[in-house]
Amino acid sequence: MMKKMKIFSNTNKQYTATFLAIFMFLFMSFTLRKDSQTTDNNFETVKNLDIFYTLYKELNLYYVDPIIPGDIIKTGIDAMLKSLDPYTVYIPESQIEDIKFMTTGQYGGIGAVIRKKGDYTVIYQPYENSPAIKGGLIAGDIILEIDGKSTKDMPSEQVSELLRGEPNTKLKILIERIGSDKPIEIEITREEIKRNSVPYYGIIEENIGYISLSSFTNTAASEVKDAFMELKNDKNIHSLVLDLRGNPGGLLIEAVKICNLFVDKGELIVSTKGKVAQWDKEYKASAEPIDKQIKIVVIVNSSSASASEIVAGCIQDLDRGIVIGQRTFGKGLVQTTRDLSYNGILKVTTAKYYIPSGRCIQALDYSHRNEDGSVGNIPDSLISEFKTKNGRKVFDGGGVTPDIEVEIERLSKISTSLILKDLIFDYSNYFKFKNKTISPVEEFSLSDKDFDNLVDFLKDKDFDYQTQTEENLNQLIESSKQEKYFETAEPELEILRQKFAHDKDKDLRLFRDEIIELLEQEIVLKYYFEKGAIIYGIKNDKEIKQAIEIIKNDEEYNSLLQPKN
């Protein structure tokens, strides 16, 4: 017992010395920076750092249970940064690989998308030609152990950390697989995994090219350029559809380079303005464009963010093309990484960005939180009008509003339930187990017999749901009870309840086409990976069809680029 106390005492002295050194360093730093901060601000900073240090010291000395310094300090740092915005975060050395993946699309691992399913994590989709595929993993495999360590109840983030590692290192994965009576052990050699920013490009109709851009890594611009030049030189395209739906952004400079492919040299693409004036910068097209005449339609949705919004906003503000889809996410904040001690990184919001018309598309106002700590949208009273190059009206304060807004098609309740319960995913895996091959993507379709097999597969599965009508009726019943009308109206309400009660078998038939489309795309993903799923999705894509119609109609295309009277 005495020996333990002695060890604890020595450890405490080490932490005290460390914190004192940090405190003195910060004290000197802030007191010497009178040119950039006021004396009052210096005092407040040092005072609160002192409070933080003394509070930690008392906790370390007197808290009833042992304190793990790294964990408690990390918790404090995360809580402090959370009060600012969701993009300012501390990244410890153990998570540096995540930064590398976001900026380069590269990491060491097995190359598979995983997700939590029940008590375990499941292989959702291995990447094409990945170590996961080479090692024999397939979609639907349940990960039971990694190198002998059970993954039961383990968060999928922790499972991901175990799967990642240095290229050329081996790991053993114990899996449970459909059709197998006992677990299977698979050995995989990790490799350097590179995710392309352009997962697919091709021709969607005669002379109309299509490029899907999923992220803005450090190769995004070169991938877009290479894809475009191949389509232009080999396929003789006269129009381009650039698909940014679901693209969360990435490197700002890559967005600038992509815009530069289609706008005149010297055009302002984006500018950044922040607290540190010397970091304010204008990003202009620095090279001659590869094509400044071709028709462009950019497709966006509510998940198109950051660098995606720079590209869409620039194309719109310079009247270089048409934007269609739904209003974008509204992230107009710029992050910079700053190195910290012990190989940590601070990713900190340092500026806001402004697209060519001068507008900032930031939607949420983190500088003025509500009393409960929540964040609201920029109020209408603060939204300003700007003009595009041709004089069209555009507005700030909440993403890029498309020139043509396309309403989102809502899935039926039964389809939503089948997705959320993983039954579309499960049946696609069952289908692949039963069918080793399928037709090429362009020819593949499910038969009536396949649909009947799905119905049989679902008979013992739980995927109940409430229709909107049922939800509204239940609210009506609750209101009638509160207002004491229920007893007199109960017979009529019960008749309505029975009349509007959903029938799963009936709904399966009613929404057959919708369910078939979802299932076909999931099955194509299993056989032909991401590229195949994109090709399949194009043929029924409402936004792409609208983009084609706009491109074919010269009068409409040109009129959309002119100001309205």
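Sorting 227-237, 533-543 by their mean Cβ neighbour count within 10 Å, with the most densely packed peptide first, gives 533-543, 227-237.
Shape class of region 256-326 from the alpha-carbon gyration tensor: oblate, with a/c at 1.5 or above and b/c at least as large as a/b.
Scanning the chain for long hydrophobic helices, with DSSP H runs required to stretch 27 angstrom or more by C-alpha along their axis and to average at least -1.0 on the Kyte-Doolittle scale, returns 2-32, 39-62. Seen from Val122, the other residues with C-beta closer than 11 Å to its C-beta sum to a net charge of -1, counting Lys and Arg as +1 and Asp and Glu as -1. Is the shape of region 154-284 rounded, prolate or oblate, going by the alpha carbon gyration tensor and its root eigenvalues a ≥ b ≥ c, with a/c under 1.5 for rounded and a/b larger than b/c for prolate? Because a/c hits 1.5 or more and a/b fails to exceed b/c, region 154-284 counts as oblate.
Using Cα centres only, tell me the gap between region 189-268 and region 506-565 in whole Å. Their Cα centres are 19 Å away from one another. The mean sequence distance of close C-alpha pairs (under 8 Å, at least 6 residues apart), as a share of the length of region 200-408, puts its relative contact order at 18 percent. With kT/(6 pi eta Rh) evaluated at 10 °C and eta = 1.306 mPa s, and Rh the Kirkwood radius from Cα pairs, region 365-520 diffuses with a coefficient of 76 µm²/s according to Stokes-Einstein.
Out of every Cα-Cα pair in region 106-194, what percent are more than 18 Å apart?
34 percent
Peptides 64-73, 114-123 ranked from most to least packed by the mean count of surrounding Cβ atoms within 10 Å: 114-123, 64-73.
The overall shape of region 207-301 is prolate: from the C-alpha gyration tensor, with semi-axes ordered a ≥ b ≥ c, the ratio a/c is 1.5 or greater and a/b exceeds b/c. Select one label from [x] 1.15; [y] 0.98; [z] 1.09: the one whose number is Cα Rg over 2.2 N^0.38 Å as derived from the coordinates shown. After the calculation, the listed value that fits is [x].
Entry note, the chain: relative contact order of 10 percent, from Cα contacts under 8 Å with a spacing of 6+ residues.
Rounded to the nearest 5, what % of DSSP beta bridges with both residues in the chain are antiparallel?
For the chain, the DSSP antiparallel bridge percentage is about 75.
The numbers here are math on the coordinates, done by the rules we state, and not lab data. All values reported here derive from a predicted model rather than from experimental measurement. No Cβ is skipped: glycine too gets one built from the backbone with ideal geometry, and neighbour counts run over all protein chains shown.
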